[in-house]
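The values are calculated or read from the model by the stated rules, or taken from the named source; none is laboratory data. These numbers were taken from a predicted model, which means no experiment stands behind them. Cβ sites come from the backbone with ideal geometry, for glycine too, and all protein chains shown count toward neighbours.
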Amino acid sequence: MDKKTGAQLLIETLINFEVKHVFTVPGAKIDKILDTFNDYPDAPKLIVTRHEQNATFIAQGIGRLAEKPGVVLVTSGPGISNLATGLVTATSENDPVLAIGGSVNRKDALKRTHQSMNNAALMEPITKYSAEITSVDAISEAISNAMRIASQPRMGASFLSIPNDVQGDTTSNIALSPVVHDSFGHADTQKIVKLAQEIASAKFPVVLLGMRAPGYAETAAIREFLTKVNLPVVQTFQAAGIINRQLESLLFYGRVGLFKNQPGDELLDNADLVITIGFDPIEYDTEIWNKDHDKRIFHIDETIAEIDNYYRPHTELVGDIAKTVHKLMEVSSPRVIDIESESVLKTIKEKLNKQRDTYQEDPNLVHPLHFIQVLRNLLDDSEFDVVDDQTVMSVDIGSIYIWMARNMKVYEPKKLLFTNGMQTLGVALPWAMGASFLHPGKKMISMSGDGGFLFSSQELDTAIRENLNITHFIWDDHSYNMVKFQEEIKYGRATAVELGNIDFVAYAQSFGAKGFKVEKPSELETIMREALSYQGVVVVWIPIDYRQNIELGKKLLDKIN
């Protein structure tokens, strides 16, 4: 049989796994692999990024949306270490990623030489699978297993280190193709029937949707279940979009997370039975919403629960989420909400609606709720056909995350993306890029504060080179505001949070992007409409009014204490 180099075997395996893009920053320890891409017309497209961390974020965005691993390829030394933030973010938030890194020749592995380090050991604590490939014969096997492990519950990142000499070694092994594994069945039938009985007898049952619930099959099953059984529901931030318009008016009581002061928290406080679907404690500390240990919790998930003092499910229903929920729907009867519960629900719904509609605007600053209302109206405008069902909104961490997570309505899963596990600065633009690579030409929307934007803004160059179609909004107050307002509440002052006043329009234009500046709130809708209509990369600067954050923060901390 004809022999292949390790580099050839790697690329052929990626082809077999139908990988479409590989995100990279080049270097000497992977140049054999990079050069070999030229020999394969059907190879994944190499996308050269400006930073390895951002390359990983883009791959993570693809992993979350496509539900299969995005792939990143980097060189040794700092190329590997720069992956860490992206990989820990992906693993904590259940997004499948495969990262491949170069390494020194095997004979130099124990030497104090240029860019020599134990790559696999570095990545082991922050990935699901981390290994060094020491033989060319094992390359395709390792990639196959890494891809499978990244894609299985709980999804996350896999990492492979490939020494430089292994890439050039030859083997007669062939590139493996994916093995289609059997899908999981639903949870134990007796447990499902028991839960249906518990729902029927409970006084105030509530559904809490979490980060593993907004898969496409899961969303369909959950909607069918809620429509039949008539249960009030809240979401974590990462479960945004599961509830459609019809269910929103009937059963939805908002999103919960980070701090306990939302209408949805009041719903959970009233609950005697909580059905968690795809919930992960990293999203919302269970000590906050089950502090008194007074909830009967039924855990529906594809993985066992992570037990702590405040999250000890009465029953675990472990299996395929969609199939389990569908079976639960089949054996459940519609609930009739009693008068007392109906009154509680009405009060909570009124609070939710009031929260989204009430604000006073400064003549020179845009209130967050004004921005959200204008954007939502544009998304709903049937005559404004620039955005469509494939449009994704990705939101960076910061005060912008709090406002958007609580108040921005979406009606399809994975259309409003947050970093809820590691709460990592700089994800918004790369995630929008990942969405744009999946859906070429479609308008994607990303947004960040002025602090978070500069963590990944160098990728404007990548987005422009690749002809992506992204509009990025910057909420600017010249500070790390999410830290600032909490410090002010705790200590009466803020330290180490102030940032410079950047001309972001000029900055964007220096890359070749289109730049817009909102001088006053009355200009917002016109500029936003033009920015979203532009075909290409756009940056919109918005002076944001964060004065209400203090008031919100005080309520939050008062509730917690």
Item to complete: Go through the residues of the range 136-149 one by one and say whether even a single one is part of a helix (DSSP H, G or I), under 29 Å from the mean Cα position of the chain (by Cα) and under 28 Å from T315 (Cα atoms).
Response: yes
Discussion item. Criterion first (surrounded by fewer than 21 Cβ atoms within 10 Å (Cβ to Cβ) and either assigned to a helix (DSSP H, G or I) or not assigned by TED's automatic domain parsing to the domain that holds G156 (or both)) does D42 satisfy it?
Written reply: no
Worksheet entry | Hits in the range 32-54 - residues which are without any contact (Cβ under 8 Å) to a residue 40 or more places away in the chain and touching a strand residue (DSSP E or B) at 6+ places or on another chain (Cβ under 9 Å) | L34, T36, F37, A43, P44, K45, L46, E52
Item to complete: Taking Y411 as meeting all but one of (1) assigned to a loop (DSSP other than H, G, I, E, B); (2) touching a strand residue (DSSP E or B) at 6+ places or on another chain (Cβ under 9 Å); (3) among the aromatic types (F, W, Y), write down the number of the exception.
Response: (2)
Discussion item. Cβ contacts < 6 Å: first residue under 16 Å from G426 (Cα atoms), restricted to the range 77-106; second residue β-branched (V, I, T) and assigned to a strand (DSSP E or B), any location; separation 6+ or different chain. Result?
Written reply: A90/V97
Practice prompt. Take V72 and decide whether it is at pLDDT 95 or above, touching a Pro at 6+ places or on another chain (Cβ under 6 Å) and not aromatic (F, W, Y).
Written response: no
Worksheet item: T276 is checked against (1) out of contact with any helix residue (DSSP H, G or I) (no Cβ under 6 Å at 6 or more places or on another chain); (2) β-branched (V, I, T); (3) assigned to a loop (DSSP other than H, G, I, E, B) and fails just one. What number does that condition carry?
Response: (3)
Worksheet item: Pick from the range 371-406 the residues that are surrounded by fewer than 20 Cβ atoms within 10 Å (Cβ to Cβ) and in contact with a helix residue (DSSP H, G or I) (Cβ under 6 Å, 6 or more places away or on another chain): which of them is farthest from A435 (Cα to Cα)?
Response: V374
Worksheet item: Of the numbered conditions (1) under 30 Å from L34 (Cβ atoms); (2) free of Cβ contacts under 8 Å to residues at least 12 places away in the same chain, S249 satisfies every one except a single condition; which is it?
Response: (1)
Discussion item. Given the options A175, A213, name the one that is at pLDDT 95 or above, surrounded by 15 or more Cβ atoms within 10 Å (Cβ to Cβ), under 24 Å from the mean Cα position of the chain (by Cα) and not in a helix (DSSP H, G or I).
Written reply: A213
